[in-house]
Amino acid sequence: MDAESLLLSLELASGSGQGLSPDRRASLLTSLTLVKRDYRYDRVLFWGRILGLVADYYIAQGLSEDQLAPRKTLYSLNCMEWSLLPPATEDMVLQTSVVKGRFMGDPSHEYEHTELQKMSEGEKVFEEEVVVQIKEETRLVSVIDQIDKAVAVIPRGALFKTPFGPIHVNRTFEGLSLSEAKKLSSYFHFREPVELKNKTLLEKADLDPSLDFMDSLEHDIPKGSWSIQMERGNALVVLRSLLWPGLTFFHAPRTKSCGSIYVGTGEKNIDLPFML
């Protein structure tokens, strides 16, 4: 959700029980304005909160003028002092995939994982147990990246692609109509397209290249991983992810108001295919 409309966005997303205390809201309003100025971001989004056993991580993201360019991610434990996180890599995701359970809330905390590694002495090859240390900060980077790639959402038309390539915020976007807002096909993944590249020319024929340049949610696997509901007498549409419980996206039809927030433990629901 956009930091400039933080209070309204938190109010609209509050139907899922995701809220912040008045002092946290005040701290975020002030500190995110300073983050935008100091780091010279085009937009700053309040991403959400990952719940830890000792403390919670508050996450914000900075966007450049090109909305699909790699985002800079920051975290804070008190909503005032922000630290920049390194970009996620495939090695990070692979390394942290063995870590299970809740976050501690301490970035310097180290998880211990025992794995078997093949060792060789001369011609003899044997396996030896090696203890690998994994920092919680690395796990935090990995989880945020996975959530962004899997369930970050944007309504169709909120962004547009220029003929020269960069993606900008669509200033003429006035919201989806009520009938469109109820369809999963009206929402896209807020990331670089993956499935779109595999479509045939016939499937791309009906797409508008300036608007339909991202992957639609309707083709997500497993099917049924999104819950779509109307609230406040059809004045608000809310999407909730069942794959990453805690992710809520909201949009008020016929208005520009839209955004998403994640408030959860940072754990994926790997049992979802068996629950549908």
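The values are calculated or read from the model by the stated rules, or taken from the named source; none is laboratory data. All values reported here derive from a predicted model rather than from experimental measurement. Cβ sites come from the backbone with ideal geometry, for glycine too, and all protein chains shown count toward neighbours. These accessible areas exclude ligands, DNA and RNA; they are computed on the full protein's heavy atoms, side chains included. Shrake-Rupley method; radii C 1.70, N 1.55, O 1.52, S 1.80 Å.
Can you tell me how many residues within region 125-162 are over 20 Å from I261 (Cα atoms), open to solvent by 30 Å² or more (accessible area, probe 1.4 Å) and of a type in the set (D, E, K, R)?
Residues in region 125-162 being over 20 Å from I261 (Cα atoms), open to solvent by 30 Å² or more (accessible area, probe 1.4 Å) and of a type in the set (D, E, K, R): 6 in total.
For G165, indicate whether it is buried (at least 19 other Cβ atoms within 10 Å of the Cβ) and at pLDDT below 85.
Working: buried (at least 19 other Cβ atoms within 10 Å of the Cβ): no; at pLDDT below 85: yes.
No.
Can you confirm whether region 65-73 contains a residue that is over 30 Å from L242 (Cβ atoms) and open to solvent by 20 Å² or more (accessible area, probe 1.4 Å)? Steps first, please.
Residues of region 65-73 that are over 30 Å from L242 (Cβ atoms), as a first pass: 65-66.
Still in the list and also open to solvent by 20 Å² or more (accessible area, probe 1.4 Å): 65-66.
Looking for residues that are over 30 Å from L242 (Cβ atoms) and open to solvent by 20 Å² or more (accessible area, probe 1.4 Å), one finds at least one in region 65-73, hence yes.
Test of understanding: among A88, A55, A60, A69, which residue is closer than 15 Å to A152 by Cα and at pLDDT below 90?
On the way: A88 fails: closer than 15 Å to A152 by Cα; A55 fails: closer than 15 Å to A152 by Cα; A60 fails: at pLDDT below 90.
Within the list A88, A55, A60, A69, the selection yields A69.
Out of region 222-233, which residues are open to solvent by 50 Å² or more (accessible area, probe 1.4 Å), in contact with a helix residue (DSSP H, G or I) (Cβ under 9 Å, 6 or more places away or on another chain) and farther than 16 Å from S186 by Cα? Give the steps one after another, and end with the answer.
Within region 222-233, the subset open to solvent by 50 Å² or more (accessible area, probe 1.4 Å) is 223, 228-230, 232-233.
Then drop every residue that is not in contact with a helix residue (DSSP H, G or I) (Cβ under 9 Å, 6 or more places away or on another chain), which leaves 228-230, 232.
Scanning region 222-233 gives a single hit, R232.
Any residue in region 264-276 that is open to solvent by less than 70 Å² (accessible area, probe 1.4 Å), among the β-branched types (V, I, T) and within 19 Å of I154 (Cβ to Cβ)?
For region 264-276, residues open to solvent by less than 70 Å² (accessible area, probe 1.4 Å), among the β-branched types (V, I, T) and within 19 Å of I154 (Cβ to Cβ): absent.
Considering each residue of region 43-68, count those that are touching a residue at least 24 places away in the same chain (Cβ under 8 Å) and over 19 Å from V263 (Cα atoms), and give that number. First the steps, then the outcome.
Pass one, region 43-68, residues touching a residue at least 24 places away in the same chain (Cβ under 8 Å): 43-60, 62, 65-68.
Narrowing the set further to residues that are over 19 Å from V263 (Cα atoms) leaves 43, 65-68.
Adding up the residues that qualify gives 5.
Which members of region 1-40 meet the condition of being part of a helix (DSSP H, G or I) and in contact with a Gly (Cβ under 6 Å, 6 or more places away or on another chain)? Please lay out each step first, then the result.
Taking region 1-40 first, the residues part of a helix (DSSP H, G or I) are 3-16, 22-39.
Those that are part of a helix (DSSP H, G or I) and in contact with a Gly (Cβ under 6 Å, 6 or more places away or on another chain): S9, Y39.
Cβ-Cβ under 6 Å, sequence separation 6+ or interchain: first residue in region 251-263 and under 9 Å from M1 (Cα atoms), partner open to solvent by less than 30 Å² (accessible area, probe 1.4 Å) and at pLDDT below 85. Which pairs?
Pairs found: G259/M1; G259/S9; I261/M1; I261/A13; I261/Q18.
Are there any helices (runs of 4 or more DSSP H) wholly within region 115-228 with 1 or more residues that are among the acidic types (D, E) and free of Cβ contacts under 8 Å to residues at least 12 places away in the same chain, and if so which?
On the way: elements: 136-151, 178-181, 201-204.
Result: 201-204.
Cβ-Cβ below 9 Å, separation at least six or inter-chain, first residue in region 26-37 and over 12 Å from N78 (Cβ atoms) and among the basic types (K, R), second part of a helix (DSSP H, G or I) and open to solvent by 30 Å² or more (accessible area, probe 1.4 Å): which pairs?
Going by the 9 Å Cβ cut-off, the qualifying pairs are K36/E4.
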